[in-house]
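So the structure is just underneath, and the comments pick up after that.
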Amino acid sequence: MKIIAIIPCLDEAIFIGDVVSSAAKFVDTVIVIDDGSKDNTAGVARNAGAEVISHTSRQGAGAATRTGFETALKYGADIVVTLDGDGQHDPNEIPVLIKPLLEGKADVTIGSRFLREAKVSRYRKFGIDVITWLYNVGHKVKINDAQSGFRAYNKRALKYMNITYAGFGFSIETLVQARKHGLIIIEAPVSCIYHGSGSTEHPIKHGLNVAFSVLTIRIREEIFNPDDKRRQ
């Protein structure tokens with residue numbers, strides 16, 4: 001099984017070296033997508049052993065992840081792990097994520113912050129809960145953390161991933177697409193560390209944008225384009 005980690009990054013030179021070197025212990029290849037960083041993210045990642053693809057300008061987390069998926073498939077990936085480059089996710093937990101895929105028990109694994117005691121601010125938790133509810137409502141199979149970017153996808157899942165959202169709405173788009181095609185999605189408990197130098201986008205604005213994206217994606221995929229939908 002060829003396992004590839006993809007790490008979308010924007011100005012993460014402080015953390016990316018450690019993330020790459022830690023992830024490399026558990027995967028065959030680490031690919032960093034430098035999404036127009038103005039610092040030395042690309043150089044640090046390359047020195048740590050990653051293969052780096054650089055966008056000449058910022059295109060968004062979704063666009064960077066799409067580039068990562070496309071590259072991983074060209075490399076013949078059987079499993080793709082996605083994680084952030086800011087140290088929020090612990091690469092040492094990659095085996096926890098990929099185990100259900102290796103055992104054939106899931107097609108997509110989400111690293112959930114809420115299957116453990118997560119230190120998440122109240123406003124952030126509220127926003128995640130709203131977005132997760134919007135994803136869950138109307139379906140029998142529920143998840144706890146629809147916004148976690150720490151995930152693993154097998155090859156079957158990857159062929160259905162068609163990321164059209166350049167921004168953070170892609171995180172819901174991929175889950176809706178997986179659910180629509182009857183893929184098995186499970187969650188695994190992971191830890192999470194928030195750093196003061198994290199996302200520069202205002203959390204309320206971010207939450208509202210993603211919430212709107214959830215509604216738009218579900219209408220598009222489940223109402224106007226319901227082919228092969230298998231309701232869960």
Of residues in segment 76-102 being assigned to a loop (DSSP other than H, G, I, E, B) and in contact with a Lys or Arg (Cβ under 7 Å, 6 or more places away or on another chain), the one farthest from ILE217 (Cα to Cα): GLY76
Pairs where the first residue, in segment 1-23, is under 28 Å from GLY104 (Cβ atoms) and at pLDDT below 95 and the second is of a type in the set (A, V, I, L, M, F, W, C) and part of a helix (DSSP H, G or I), C-beta under 7 Å, 6+ apart: MET1/LEU102
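Take VAL176 and decide whether it is outside any loop (DSSP other than H, G, I, E, B) and either free of Cβ contacts under 8 Å to residues at least 12 places away in the same chain or of a type outside the set (Ser, Thr, Tyr) (or both). Working first, answer last.
Values: outside any loop (DSSP other than H, G, I, E, B): yes; either free of Cβ contacts under 8 Å to residues at least 12 places away in the same chain or of a type outside the set (Ser, Thr, Tyr) (or both): yes.
The answer is yes for VAL176.
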Number of the exception - THR65 against (1) under 23 Å from SER213 (Cα atoms); (2) in a strand (DSSP E or B): (2)
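For segment 103-160, what are the residues that are part of a helix (DSSP H, G or I) and either under 16 Å from the mean Cα position of the chain (by Cα) or closer than 29 Å to VAL27 by Cα (or both)?
Scanning segment 103-160 gives ARG113, PHE114, LEU115, ILE128, ILE131, THR132, TYR135, LYS155, ARG156, ALA157, LEU158.
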Test: residue in segment 75-97 that is more than 15 Å from the chain's Cα centre (by Cα), surrounded by fewer than 17 Cβ atoms within 10 Å (Cβ to Cβ) and free of Cβ contacts under 8 Å to residues at least 60 places away in the same chain: no
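The values are calculated or read from the model by the stated rules, or taken from the named source; none is laboratory data. Predicted, not measured: the structure shown is a model, and the values here were computed from it. Here the Cβ is made from the backbone with ideal geometry for all residues, glycine too, and neighbour counts use every protein chain on show.
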